[in-house]
Amino acid sequence: MQRQFDDLQLGSIELFCLAAEAGSFTAAALVAGVTPAAVSRSVSRMEERLGVRLFARTTRSVKLTDSGRRYFEQCRQAVAQLVEAQREVMGQQQAPSGKLRISIPTTYAHHRILPLLPAFRVRFPDVQVEAHISNRNIDFVDEGYDLAIRVRAIPDSGLIARHLEDAALVVIASPDYLQRAGTPQTLDDLHRHECIQFELPSSGRRISWLFNDNRKQLEVLAESGFSCSDDVLGGVTLARHGAGLFQTYRFIVEKELAEGSLIEVLQPFGGRSRPFTLLYPQSRHVPLRLRAFIDFLLEHQPHWAG
């Protein structure tokens with residue numbers, strides 16, 4: 001059998017099919033993990049090789065030509081057959097492998113994800129995990145991430161979101177601070193205390209504290225001489241050393257609360273939480289290593305108290 005295609009041509013066919021399905025080079029790029037410019041160049045090479053125009057382009061969208069539509073129908077069937085053949089072979093003889101690049105917020109990394117990674121590597125030794133611990137927003141395509149975990153994830157049609165947990169919030173202080181300043185009994189008392197603030201690094205906006213009061217949800221933003229940004233653990237450290245009150249996730253301070261080095265206050269107004277969400281690019285073909293990691297996290301999810 002004489003060779004008809006090289007790897008570049010086969011890759012171009014797959015990108016062409018993705019762009020045809022999405023009606024957008026940008027959407028195809030997000031799924032494929034490349035740049036929109038790379039998709040455009042790939043399609044242009046195909047058009048030059050075939051001698052036909054596959055897409056009619058405007059500044060806002062791309063649309064298949066008649067020739068492109070006929071070519072797409074044939075290519076889609078061929079790609080589907082190749083995918084099924086590959087899945088069958090991989091399912092029989094291949095274990096998850098390769099590099100997994102993940103982005104995790106600082107608190108969730110240290111208290112939830114990083115402790116699990118050794119066990120994940122024992123189960124899947126051929127997967128190399130590259131964990132980036134940061135609270136900044138990322139670009140999945142340009143930065144090559146496979147997965148991210150975020151608080152209050154913004155809906156994105158190009159991403160799949162899986163709920164991990166609703167993390168319970170608590171207000172904490174050190175015994176020394178409470179002995180010096182008194183223990184708050186009502187939400188109005190917060191205005192007479194040092195309430196350590198956390199600022200969003202992207203905007204500088206201070207995060208309100210969340211409470212329940214007779215089943216009514218409230219947000220309180222009290223003034224303070226202390227604030228921190230980027231890392232919520234900075235607020236916990238300030239509270240531990242007597243700087244004031246701080247609202248944080250219970251899972252971060254469970255040990256200190258049990259030991260008594262931190263005290264929970266305003267319990268009658270508790271019960272609020274914030275959601276943590278797992279995000280990854282939408283694709284028909286989720287890599288085996290990514291699927292294994294997602295399943296591993298969801299397997300441990302019921303053990304998280306929230």
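The values are calculated or read from the model by the stated rules, or taken from the named source; none is laboratory data. Model, not experiment: these values are computed from the prediction. Note that each Cβ is placed from the backbone with ideal geometry, even for glycine, and that neighbours are counted across all protein chains shown. Remember, those area values only see protein heavy atoms, side chains included, never the ligands or the DNA or RNA. Shrake-Rupley method; radii C 1.70, N 1.55, O 1.52, S 1.80 Å.
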Cross-link partners among aspartates and glutamates for Lys63, C-alpha distance below 13 Å, same-chain residues fewer than 8 apart left out? Glu21
Which whole DSSP H helices in the chain pass both tests: a Cα extent of 15 Å or more along the axis and a mean Kyte-Doolittle value no lower than 0.5? 7-22, 288-300
Rounded to whole Å, give me the distance from the Cα center of the range 110-145 to that of the range 158-208. 27 Å
How large, in percent, is the carbon and sulfur part of the accessible surface of the range 108-305 at a probe radius of 1.4 Å? 48 percent
Largest-first principal axis extents of the Cα set of the chain (Å): 84, 45, 30
Where only alpha carbons of the range 174-226 are counted, the Rg and the Dmax (Å): 12.7, 36
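Nearest-5 percent of antiparallel DSSP beta bridges in the range 184-251? Spell out each step's value before the answer.
On the way: 6 of 10 bridges.
If we restrict to bridges inside the range 184-251, about 60 percent are antiparallel.
Sum up the charges of everything whose Cβ sits under 12 Å from the Cβ of Leu100, counting Lys and Arg as +1 and Asp and Glu as -1, but leave Leu100 out.
+2
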What FRET efficiency, computed as 1/(1 + (r/R0)^6) with R0 = 25 Å and r the Cβ-Cβ distance, is obtained for Arg53 and Asp139, rounded to the nearest 0.05? 0.20
Over the chain: helical MRE at 222 nm, DSSP H runs n ≥ 4 each giving -39500 (n - 2.57), nearest 500: -11500 deg cm²/dmol
For the range 7-90, what is the largest minus smallest coordinate of the Cα atoms on each principal axis, given in angstrom and ordered from greatest to least? 41, 25, 20
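Can you tell me what share of the DSSP beta bridges in the chain is antiparallel? A percent to the nearest 5 is fine.
That works out to approximately 70 percent antiparallel.
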